[in-house]
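Below: the structure, in structure tokens.
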Number of protein chains: 2
Amino acid sequence: MLENTSQASIDERCPVQVIAEIIGQKWTSLILRDLADGPRRFGELQHSLGVSPRVLSTRLHALEEELLVEKEIFAEVPPRTEYSLTEKGRLLIPIIDEMRRVGNLFKKSN
Amino acid sequence: MLENTSQASIDERCPVQVIAEIIGQKWTSLILRDLADGPRRFGELQHSLGVSPRVLSTRLHALEEELLVEKEIFAEVPPRTEYSLTEKGRLLIPIIDEMRRVGNLFKKSN
């Protein structure tokens, strides 16, 4: 008997909720903001966000699992690791841009 | 000596972060989504979101404090209470619209 709870079932969530569940995660919007400008190393992201390595690592891993971020390791000495948005992840950039625009309006109105 | 931590100080947060702190709160995007279509009663929101009255009440109160949502009480029997977006709250609608657009793309790609 089929149950309607598997990944294979039709996704009946509201599309707004689909995105809210991604960008509602703490730090995610800021990671996306930084990666929208191009690939970043782990240390660059950590410095920009002011977040602990453990938390950043967990968030990046989750974004990789959601196929929004991909990691590339360059065979250098020492090895260099860069994170960038996937094609799917880049679909989120207009939302980040809109958040920036409205955030600036909010800051002016304070 | 002035400390740079008061509300009166210049808001140095990134504008993306300003918005992430609002719509990153659980349920907030969905409340904004519903109110974007016009005023809603408490019970209508509760039914639409499938959230407990206590949680919804807390979230609406927070949104009122942030001047994003306003409550109007109509002197009827029984009294009718409606929630709607303020002018400031309506500035968030384009973000919700963009989330809906991208959320639909994500759902198609699954």
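Observations on the model:
- Length added when fully stretched, A:Leu67-A:Arg90, from 0.36 nm per residue minus Cα-Cα: 7.2 nm
- In region A:19-110, the trypsin sites (Lys or Arg not before Pro) that fall in loop regions by DSSP, at most 14 other Cβ within 10 Å: A:Lys26
- Kirkwood Rh (inverse of mean 1/r, distinct Cα pairs), the protein assembly as shown, angstrom: 19.3
- For B:Thr86, distant residues with modelled amide H under 5 Å away: B:Val69, B:Glu70
- Note on region A:15-109: lysine pairs with Cα distance below 26 Å, sequence gap of 8 or more or different chains, count 5.
- Dipole orientation for region B:15-109: of the candidates B:Leu63, B:Gly24, B:Phe42, B:Gly24 has the Cα lying most toward the positive pole (charges on Cβ; Lys, Arg +1; Asp, Glu -1).
- Qualifying GluC sites (Glu not before Pro) in region B:61-91, DSSP loop, other Cβ atoms within 10 Å at most 16: B:Glu66, B:Glu76
- Distances between equivalent label points of B:Pro78 across the copies, with each point positioned 7 Å along Cα→Cβ, amount to 6.4 nm, shortest listed first.
- The magnitude of the dipole of region B:15-109, with charges of +1 and -1 set on the Cβ of Lys/Arg and Asp/Glu and taken from the Cα centre, is near 500 debye.
- Region A:74-85 - phi-based ³J(HN,Hα) in whole Hz, Karplus 6.51/-1.76/1.60, Gly and Pro as x: 9, 7, 10, 10, x, x, 10, 10, 10, 10, 8, 6
- For chain B, built as a Gaussian network whose Cα springs stay under 10 Å, the top-fluctuating residue of B:Ala75, B:Ala20, B:Ala62: B:Ala75
- Between the amide H of B:Leu92 and any residue lying 5 or more places away or on another chain, no distance stays under 5 Å, with hydrogens modeled in the peptide plane.
- Total formal charge among the other residues, if their Cβ is under 12 angstrom from that of A:Thr58, Lys/Arg +1 and Asp/Glu -1: +1
- Efficiency of FRET from Cβ geometry, B:Ala75 and A:Lys26, R₀ 45 Å, rounded to 0.05: 0.60
- Cα gyration tensor shape of chain A, rounded if a/c is under 1.5, else prolate or oblate by comparing a/b with b/c: oblate
- Span from the region A:36-110 Cα centroid across to the region B:58-99 one, whole angstrom: 32
Since every read-out is calculated from the coordinates, none of them should be taken as a lab result. None of the values given here were measured: they were computed from a predicted structure. With ideal geometry, Cβ positions are generated from the backbone for all residues, glycine too; neighbour counts draw on all protein chains shown.
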